[in-house]
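Before I ask anything, let me first share the structure, which is written out below as structure tokens.
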Amino acid sequence: MAGHNRDLALRIAEILADTPASDTLVIDIHELSSIADYFVICSGENERQLRAISNAVLDTLGKEKVRPTRSEGSPQSGWILLDYGDSIVHVFDEDQRAYYRLESLWSEAPTLVAMP
């Protein structure tokens, strides 16, 4: 099962590569947390980009019959969370990303993907 979870996290990173997302990271937190196996973290510059990034993930995975168990936040709030069970996607604007510092909080987690 872990292989499938990793595949989803990497698939999400692939989708993000075709969006305005920047500083995309996929980190493996499965040994550090029970909430998920992978965090996919990325940034957008403004509400329009945050909406485009999150919609690209939702739409593309939706066509592949993969839907989040929950989603939280909004482009206006600067943080959108898409929970795909073992992979959780965090789409931040720069301010919220700097404030929450997820990479620092999970610095012990191995990085699977880092895209500028």
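Mind checking whether some residue in segment 43-53 is without any contact (Cβ under 8 Å) to a residue 12 or more places away in the chain and among the basic types (Lys, Arg)?
Looking only at segment 43-53, we keep the residues that are without any contact (Cβ under 8 Å) to a residue 12 or more places away in the chain, and these are none.
Within segment 43-53 (the criterion being without any contact (Cβ under 8 Å) to a residue 12 or more places away in the chain and among the basic types (Lys, Arg)), the answer is no, since none of the residues qualifies.
Would you list the strands (runs of 3 or more DSSP E) that sit entirely within segment 5-107 and hold 2 or more residues that are of a type outside the set (A, V, I, L, M, F, W, C) and loosely packed, with under 14 Cβ neighbours inside 10 Å? Give the steps one after another, and end with the answer.
Details: elements: 22-28, 38-44, 70-74, 79-84, 87-93.
So the answer is 70-74.
Go through (1) modelled with pLDDT of 95 or more; (2) within 13 Å of the chain's Cα centre (by Cα); (3) charged (D, E, K, R) one by one and return the number of the condition Arg67 breaks.
Of the numbered conditions (1) modelled with pLDDT of 95 or more; (2) within 13 Å of the chain's Cα centre (by Cα); (3) charged (D, E, K, R), the odd one out for Arg67 is (2).
Report the residue count in segment 48-62 for those that are more than 15 Å from Ser87 (Cα to Cα) and of a type in the set (A, V, I, L, M, F, W, C).
4
Moving to a separate point now. Has segment 71-81 got at least one residue that is more than 20 Å from Ala114 (Cβ to Cβ), among the hydrophobic types (A, V, I, L, M, F, W, C), in contact with a Leu (Cβ under 7 Å, 6 or more places away or on another chain) and modelled with pLDDT of 95 or more?
yes
Output the number of residues of segment 57-116 satisfying the condition of being touching a Phe, Trp or Tyr at 6+ places or on another chain (Cβ under 7 Å), farther than 22 Å from Glu14 by Cβ and of a type in the set (A, V, I, L, M).
Total satisfying the criteria: 0.
Quick one: in segment 34-63, of everything that is out of contact with any strand residue (DSSP E or B) (no Cβ under 9 Å at 6 or more places or on another chain) and of a type in the set (Ser, Thr, Tyr), which residue is farthest from Arg101 (Cα to Cα)? Give the steps one after another, and end with the answer.
First, the residues of segment 34-63 that are out of contact with any strand residue (DSSP E or B) (no Cβ under 9 Å at 6 or more places or on another chain): 34, 48, 55-56, 59-60, 62-63.
Then keep just the ones that are of a type in the set (Ser, Thr, Tyr); that gives 34, 60.
Numbers: Ser34: 19, Thr60: 27 Å.
Per the criteria, the residue is Thr60.
Also: Look through segment 38-52, keep the residues that are touching a helix residue (DSSP H, G or I) at 6+ places or on another chain (Cβ under 7 Å) and either at pLDDT below 95 or aliphatic (A, V, I, L, M) (or both), and return whichever of them is farthest from Pro20 (Cα to Cα).
Once the filter is applied, the top-ranked residue is Val40.
The values are calculated or read from the model by the stated rules, or taken from the named source; none is laboratory data. None of the values given here were measured: they were computed from a predicted structure. Don't worry about glycine lacking a Cβ; one is built from the backbone with ideal geometry, like all the others, and counts go over all protein chains shown.
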